[in-house]
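Report on the structure given below.
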Amino acid sequence: MPANKPANQSAVSVLGLGMMGTALAAAFLGAGHPVTVWNRSPAKTGPLIAQGALPADTAADAVAASPLVVVCLLTNDNFEELLATLTEDVAGRTLVNLTNGTPAQARELAAWAAEHGAQYIDGGIMAVPQMIAGPHAYVLYSGDEQAYETHRPTLAALGATRWTGTDPGLAALQDLALLAGMYGMFTGVLQAFALVRTENIPATEFSELLVPWISAMLSGAPELAKAIDSGQHLTDVSSLAVNQAAFPNFLTTFRDQGISGELFEPIQALLDRAVDQGHAADGLSRLADLLTVRS
Ligand code: FVH
């Protein structure tokens, strides 16, 4: 037990010791929990054993060691493969799956767990490994609410806990929505750097302009959200007609400067479709409606 840590902390097993799983196990150890670890490649247990973790020879041994089993593998296909070897072992355990996946996978895994007598919580980690247990890390959870309340004090070692609902797919859905926002932002940032580089403007120099600009624009997101929730898309800020008229300037300039427009071409197509459908006076919020392909 590490010095100055509370005694009698509940035991937790961590399956999967990649970059993230290692950070999770270290956080549980840091909070004083007895931690059992297992990884497909056993060498990765070494640093955690040095910090006080107990190694398990098999995944089944790790599951047997603790009421709470936290899983963080590369994909949910990997997890399903592993679960197929644990059908006799999981009864009575709470499985917290922090592997990135889809809402449908989370629901299937929850159904599998219920069939095998286990409680299932799906999670979405909103942090990189270096942020785990720090002030800005949080994890979205969904699924078995009673099991979540039981184990929440232990899970709090990883970062803030955020419950999203008893539908096991909700954490993955919101995780992917948050990541979609992030990828959208970084896609634009990369396009901007690629463009200025064609005129030998260093990305580091241009980021001094780019970061405050994006931050200022992002502050408009709550207004977009209001329009989307209310269905009131008319705008006096920046209409789809204005955006559509300006957009060819991007694609032309990308071509002229010798960079690809592949990331931006779909945006032009969406703007064209919106205006064709009679939404010229609406703001960008209208595009969220056009992205909905299921009624
Ligand atoms: N790293 C990050 O910044 C992000 C932050 C948000 C959450 N993601 C998700 O976390 C999952 C794990 O990511 P990771 O960064 O730990 O990934 P790796 O370092 O590549 O570790 C992968 C672990 O998965 C094990 N593994 C792979 N295939 C199998 C398999 N068929 N059976 C059992 N285990 C498997 C691998 O084992 P090994 O290669 O060491 O033997 C690692 O333990 C992921 O969903 C992210 O999207 C991270």
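The values are calculated or read from the model by the stated rules, or taken from the named source; none is laboratory data. Values in this document were obtained by computation on a predicted structure and should not be read as measured data. FYI the Cβ positions are ideal-geometry reconstructions off the backbone, even for glycines, and counts take in every protein chain you see.
Regarding Thr253, is this residue touching a residue at least 24 places away in the same chain (Cβ under 8 Å) and part of a helix (DSSP H, G or I)? Walk me through it before giving the result.
On the way: touching a residue at least 24 places away in the same chain (Cβ under 8 Å): yes; part of a helix (DSSP H, G or I): yes.
Yes; evaluated as a whole, the condition is true for this residue.
Restrict the check to the stretch 185-201 and report whether at least one residue is surrounded by 13 or more Cβ atoms within 10 Å (Cβ to Cβ), among the polar types (S, T, N, Q) and not assigned by TED's automatic domain parsing to the domain that holds Ala27.
yes
Can you name every residue in the stretch 139-149 that is of a type in the set (S, T, N, Q) and buried (at least 23 other Cβ atoms within 10 Å of the Cβ)?
Ser142
Tally up the residues in the stretch 98-138 that are crowded, with 17+ Cβ neighbours inside 10 Å and of a type in the set (D, E, K, R), please.
2
Being hydroxyl-bearing (Ser, Thr, Tyr) and within 27 Å of the chain's Cα centre (by Cα) is true for just one of Thr198, Thr187, Thr252. Which residue is that?
Within the list Thr198, Thr187, Thr252, the selection yields Thr187.
Per-residue answers, yes or no, for (1) farther than 30 Å from Thr164 by Cβ; (2) loosely packed, with under 11 Cβ neighbours inside 10 Å:
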residue	(1), (2)
Ala245	yes, no
Asn249	yes, yes
Asp256	yes, yes
Glu262	yes, yes
Asp276	yes, yes
Ala281	yes, no
Leu284	no, no
Asp289	no, no
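Among the residues of the stretch 88-97, which ones are surrounded by fewer than 23 Cβ atoms within 10 Å (Cβ to Cβ) and out of contact with any Pro (no Cβ under 8 Å at 6 or more places or on another chain)?
Glu88, Asp89, Val90, Ala91
Restricting attention to helices (runs of 4 or more DSSP H) lying wholly within the stretch 1-107, give those where 3 or more residues are within 15 Å of the ligand (Cβ to nearest atom) and over 18 Å from Ala127 (Cα atoms).
46-50, 59-65, 76-83
From the list Thr235, Thr253, pick out the single residue that is at pLDDT 95 or above and either of a type in the set (Ser, Thr, Tyr) or not assigned by TED's automatic domain parsing to the domain that holds Leu190 (or both).
Selected residue: Thr253, the only one of Thr235, Thr253 that is at pLDDT 95 or above and either of a type in the set (Ser, Thr, Tyr) or not assigned by TED's automatic domain parsing to the domain that holds Leu190 (or both).
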